[in-house]
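Below is one structure; the comments refer to it alone.
The values are calculated or read from the model by the stated rules, or taken from the named source; none is laboratory data. For clarity, every value in this text was computed on a predicted model and none was experimentally measured. Neighbour counts run over all protein chains shown; Cβ positions are idealised from the backbone, glycine included.
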Amino acid sequence: MASERGHYVLDLVSVALLSFATVTASWCAYQATRWSGEQAAHYNLANGRGIESTRLEGLANNQALADLVVFTSWLAAVGAKNTTLQEFYRARARPEFKPALEAWIASRPLHNPRAAPSPFVLPEYRLALREQSKQLHDESHQLVEKGQIANRNGDNYVLASVLLSAVLFFTGVSQQLRRTRMRMAMLTLGVLLLLAGVIGLLRLPVA
């Protein structure tokens, strides 16, 4: 009678372990899939930001080259003492470049040894496209980091799923055994693995 009651209790424990481990393993698989989707989404966005950053950087370089051409042409006009050409190039400087150029000219660089070597090193000189490119580059880097975090979370859910699969295995094996001690040993191992998996799951974020 006591033996039958013991087997009945072990059967209940087995059913409970199988049910809980099955549901939890399914949850882990679902979460791993969700995190995989998060990873792909972050990487796709990062790739888009990176491409746009490169495009804007190229446009910014073209603008910087145009500014350099205007500046060197203005210097040549100064060297030739051609005031008409000097005013021509000053008037046609890009709006972003003109404040730096005017500030540099106002510093009297030909007579002031403390003047900046060129207008390009002054704080007045800025390229909006280059700043946008840098911002997109930073966003791309942040998105890659988020994708890596999502990948780690997905891997951790897969690991938890493996532990829960081991629970299913040992619990299933226990049902084929006739000796009570052997069944208890298999179920104890299953319970320990289940606890390890659940503790790990409690520490993971949910997608």
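Here are some residues: Ala29, Ala76, Ala16. Which one is in a helix (DSSP H, G or I), surrounded by fewer than 17 Cβ atoms within 10 Å (Cβ to Cβ) and touching a residue at least 24 places away in the same chain (Cβ under 8 Å)?
Being in a helix (DSSP H, G or I), surrounded by fewer than 17 Cβ atoms within 10 Å (Cβ to Cβ) and touching a residue at least 24 places away in the same chain (Cβ under 8 Å) holds for just one of Ala29, Ala76, Ala16, which is Ala29.
Taking region 118-136 on its own, how many of its residues are basic (Lys, Arg) and modelled with pLDDT of 95 or more?
Result for region 118-136: 2.
A quick yes/no check of all residues on (1) touching a residue at least 60 places away in the same chain (Cβ under 8 Å); (2) surrounded by fewer than 16 Cβ atoms within 10 Å (Cβ to Cβ):
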{"residue": "Leu143", "(1), (2)": "yes, no"}
{"residue": "Ala160", "(1), (2)": "yes, no"}
{"residue": "Phe169", "(1), (2)": "no, yes"}
{"residue": "Gly172", "(1), (2)": "yes, yes"}
{"residue": "Arg181", "(1), (2)": "no, yes"}
{"residue": "Met186", "(1), (2)": "no, no"}
{"residue": "Leu192", "(1), (2)": "no, yes"}
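For region 95-133, name all the residues that are surrounded by fewer than 14 Cβ atoms within 10 Å (Cβ to Cβ), closer than 29 Å to Arg49 by Cα and of a type outside the set (Val, Ile, Thr).
Across region 95-133, the qualifying residues are Pro95, Pro123, Arg126, Ala128, Glu131.
Of all residues in region 79-91, which are surrounded by fewer than 13 Cβ atoms within 10 Å (Cβ to Cβ) and closer than 25 Å to Ala128 by Cβ?
Hit for region 79-91 is Ala91, nothing else.
Here is a list: Glu139, Glu96. Which entry is touching a Leu at 6+ places or on another chain (Cβ under 7 Å) and at pLDDT 90 or above? Before the answer, list the steps.
Numbers: Glu139 fails: touching a Leu at 6+ places or on another chain (Cβ under 7 Å).
Exactly one of Glu139, Glu96 is touching a Leu at 6+ places or on another chain (Cβ under 7 Å) and at pLDDT 90 or above, namely Glu96.
Only residues that are hydroxyl-bearing (Ser, Thr, Tyr) and closer than 14 Å to Ala150 by Cα: list them for region 24-38, please.
Tyr30, Thr33, Ser36, listed by residue number.
Among helices (runs of 4 or more DSSP H) lying entirely in region 82-192, which contain 3 or more residues that are touching a His at 6+ places or on another chain (Cβ under 7 Å) and closer than 24 Å to Asn61 by Cα?
none
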